[in-house]
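To keep things clear, I will list the structure first and then write my remarks on it.
The values are calculated or read from the model by the stated rules, or taken from the named source; none is laboratory data. Source: prediction; values computed, not measured. Every residue, glycine among them, receives a Cβ derived from its backbone with ideal geometry; neighbour counts consider all protein chains shown.
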Amino acid sequence: MPTQYADVVARLERKLSGGASTRARLDRYYEGRVRLASIGLSLPPEMRRLSTVVNWPALYVSALEERLDVEGFRLDGAADADDRLWQWWQANDLDEESQLAHLDALVYGRAFVTVGAASDEGAPPVIRVESTRTMAADFDPYTRRITAALRLLADESEDEPRDRDDHHVTRPPYGARLYLPDRTVSLERAPRGGGWVVTGEDMHQLGRPLVEMLTNRGRAGERSGASEMRDVIALTDAACRTLTNMQGAQELLAVPQRYVLGAQAQDFQDAHGNPIPAWEAYIGRFLMLTNEDAKAGQFPAADLRNFTEVMNLYSKLVASVTGLPPHYLGMSTDNPASADAIRSSEARLVKRAERKQRAFGGTWERVMRLAMLVERMDPSAGITMETVWRDAATPTVAARADAVTKLVAAGILPVEAAWEQLGYSPQYRARLRAMTDADPAVRYLAATDGGRLDERAAA
């Protein structure tokens with residue numbers, strides 16, 4: 001492999017392997033496979049089998065990801081989403097794949113998207129979502145663009161054994177793709193543990209690598225992003241320890257403990273002189289004692305309300321740092337909240353989802369501009385591109401329809417914009433447009449209304 005490739009590949013491989021332990025830890029938290037660290041004062045090591053995990057990280061991430069749905073891309077001066085760009089989106093199954101990119105960005109802090117030319121003549125460009133576990137990139141801090149990226153190709157199967165951290169074991173990479181500003185290089189691993197061998201080069205000469213990155217929680221001095229679960233991991237650990245301790249208390253103290261004073265060994269033997277099993281003596285209603293001075297009694301059962309109170313405290317802390325509504329965390333009252341109260345409780349979560357839409361939308365726009373470059377289209381047409389997102393809020397259908405109807409009646413919104421506000425898909429909006437154009441009554445009303453508008457404007 002040429003030296004100019006070898007240096008870049010080695011650097012990006014080190015970057016990728018350096019973050020493997022962090023990614024594995026985030027995986028365990030999202031999938032609810034956390035192993036609690038305990039100093040062993042309150043519970044012995046044998047009680048670890050009672051360990052209980054509350055999966056608040058996945059709850060928070062899923063609550064945000066469920067509100068991130070791309071519905072199209074609008075070019076400058078267009079009233080509706082661009083049909084060609086949306087066809088590319090659909091052809092690459094990005095309705096489903098974009099959800100994976102958003103999820104990876106929220107879990108790991110970043111996700112990658114690659115673009116390439118299709119092998120078939122006339123086919124749309126190939127847009128692929130790539131896993132952060134197999135891809136790393138270099139950045140230019142001045143231009144804030146990716147200068148090089150490496151994607152490792154390896155097999156990972158659910159049937160493979162898992163390591164001691166309960167994480168899937170990935171086979172060694174058999175191939176790689178190196179993305180450079182003027183070319184994409186295909187690499188394969190030489191046999192018998194050898195180095196990388198160049199097997200092909202795609203000389204696109206577009207001046208930039210065909211890779212973009214979705215960044216979550218990016219900062220001016222830290223463009224690689226951070227996991228959205230960061231704020232709830234410590235609280236999740238604390239809640240899991242509380243639940244595990246409660247499990248131990250249930251096992252040891254929830255049922256009243258009995259004691260006997262002055263008993264003899266034969267009191268715990270059956271008619272044949274065999275010892276009575278401990279569980280029979282424990283659950284027996286009566287203890288027959290031969291010693292008249294013997295005494296039996298029981299200790300009071302443990303009150304587990306202290307554990308539930310602590311769990312309520314942790315739930316409130318999670319709600320405060322994430323913006324999740326209290327009912328998402330199981331906190332409810334005897335009197336159900338009103339519709340206005342529910343919408344008010346979701347305000348912070350909706351605003352956070354809208355911020356994610358703005359950050360991720362910029363990346364998707366750059367991805368579509370790369371696709372336009374691959375198709376040799378004029379890139380200036382996509383400079384003012386806008387990503388169309390579904391409303392991150394969840395108003396009722398009646399409330400949304402009422403608000404949109406009033407805006408249309410007041411002349412603030414045109415009808416097609418109302419369809420978009422109602423959440424209709426681009427395909428359904430096109431069908432409604434065709435039905436409207438084919439209806440003679442609608443055409444007549446539009447013509448007469450247009451005449452009145454012209455008269456009022458002239459006056």
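Among the residues of the stretch 73-88 satisfying the criterion of being closer than 14 Å to ARG369 by Cα and outside any loop (DSSP other than H, G, I, E, B), which is farthest from the chain's Cα centre (by Cα)? Talk me through it step by step, then tell me what you get.
Applying the first criterion (closer than 14 Å to ARG369 by Cα) to the stretch 73-88 yields 73-76, 82, 84-86, 88.
The next check asks that each one be outside any loop (DSSP other than H, G, I, E, B); those that pass are 73-74, 84-86, 88.
Working: PHE73: 23, ARG74: 26, ARG84: 28, LEU85: 25, TRP86: 23, TRP88: 24 Å.
Among those residues, the one meeting the criterion is ARG84.
Quick one: in the stretch 89-110, of everything that is of a type in the set (S, T, N, Q) and assigned to a helix (DSSP H, G or I), which residue is nearest to ARG67 (Cα to Cα)?
Let us first name the residues in the stretch 89-110 that are of a type in the set (S, T, N, Q), namely 90, 92, 98-99.
Imposing the further condition that a residue be assigned to a helix (DSSP H, G or I) reduces the set to 90, 98-99.
Numbers: GLN90: 19, SER98: 12, GLN99: 10 Å.
Across the stretch 89-110, the extreme among qualifying residues is GLN99.
When you scan the stretch 207-218, do you find a residue that is in contact with a strand residue (DSSP E or B) (Cβ under 6 Å, 6 or more places away or on another chain) and not in a strand (DSSP E or B), even just one?
So the first thing to find is which residues in the stretch 207-218 are in contact with a strand residue (DSSP E or B) (Cβ under 6 Å, 6 or more places away or on another chain), and the list is 209-215.
In the following step, the residues that additionally are not in a strand (DSSP E or B) were identified as 209-210.
Yes, that holds for at least one residue.
Applying the selection to the stretch 127-140, what residues are more than 24 Å from the chain's Cα centre (by Cα) and without any contact (Cβ under 8 Å) to a residue 60 or more places away in the chain?
ASP140
From the set of residues in the stretch 305-343 that are β-branched (Val, Ile, Thr) and modelled with pLDDT under 85, which is farthest from ARG241 (Cα to Cα)? Walk me through how you get there before you give the answer.
Step one: of the stretch 305-343, the residues β-branched (Val, Ile, Thr) are 308, 310, 318, 321-322, 333, 342.
From what's left, modelled with pLDDT under 85: 333, 342.
Numbers: THR333: 26, ILE342: 31 Å.
Step by step, filter the stretch 305-343, then rank; the result is ILE342.
Out of the residues in the stretch 379-392 that are out of contact with any Leu (no Cβ under 9 Å at 6 or more places or on another chain) and either closer than 24 Å to ARG67 by Cα or among the acidic types (Asp, Glu) (or both), state the one that is modelled with the lowest pLDDT.
Step one: of the stretch 379-392, the residues out of contact with any Leu (no Cβ under 9 Å at 6 or more places or on another chain) are 380, 383, 387-388, 391.
Applying the additional criterion that residues be either closer than 24 Å to ARG67 by Cα or among the acidic types (Asp, Glu) (or both) yields 387-388, 391.
Values: THR387: 93, VAL388: 90, ASP391: 85.
Only one residue tops the list, namely ASP391.
Considering every residue within the stretch 100-122, establish whether at least one is at pLDDT below 95, hydrophobic (A, V, I, L, M, F, W, C), in contact with a Ser or Thr (Cβ under 9 Å, 6 or more places away or on another chain) and crowded, with 20+ Cβ neighbours inside 10 Å.
No, that holds for no residue.
Inside the stretch 394-459, counting only helices (runs of 4 or more DSSP H) that do not spill past its ends, which hold 3 or more residues that are closer than 28 Å to TRP86 by Cβ, modelled with pLDDT of 75 or more and of a type outside the set (Gly, Ala, Ser)?
Per the criteria, 397-409, 415-421, 426-438.
Among (1) part of a loop (DSSP other than H, G, I, E, B); (2) among the β-branched types (Val, Ile, Thr); (3) in contact with an Asp or Glu (Cβ under 7 Å, 6 or more places away or on another chain), where does THR363 come up short?
For THR363, the failing item is (1).
So ARG48 clears everything in (1) at pLDDT 90 or above; (2) assigned to a helix (DSSP H, G or I); (3) basic (Lys, Arg) except one condition, right? Which one?
For ARG48, the exception is condition (1).
If THR384 passes every condition in (1) in contact with a helix residue (DSSP H, G or I) (Cβ under 6 Å, 6 or more places away or on another chain); (2) outside any helix (DSSP H, G or I) but one, which one does it miss?
(1)
For the subset of the stretch 51-72 comprising residues that are assigned to a loop (DSSP other than H, G, I, E, B) and modelled with pLDDT of 90 or more, which member is farthest from GLN250 (Cα to Cα)?
Keep residues of the stretch 51-72 that are assigned to a loop (DSSP other than H, G, I, E, B), which gives 51-55, 66-69.
Checking the rest, the ones that are also modelled with pLDDT of 90 or more come to 55, 66-69.
Working: ASN55: 21, GLU66: 37, ARG67: 39, LEU68: 42, ASP69: 44 Å.
Among those residues, the one meeting the criterion is ASP69.
Quick check on the stretch 125-133. Is at least one of its residues part of a loop (DSSP other than H, G, I, E, B) and within 24 Å of VAL197 (Cα to Cα)? Before you say what the answer is, go through the steps one by one.
Keep residues of the stretch 125-133 that are part of a loop (DSSP other than H, G, I, E, B), which gives 125, 131.
Okay, now just the ones that are also within 24 Å of VAL197 (Cα to Cα), so 131.
Yes, some residue in the stretch 125-133 is part of a loop (DSSP other than H, G, I, E, B) and within 24 Å of VAL197 (Cα to Cα).
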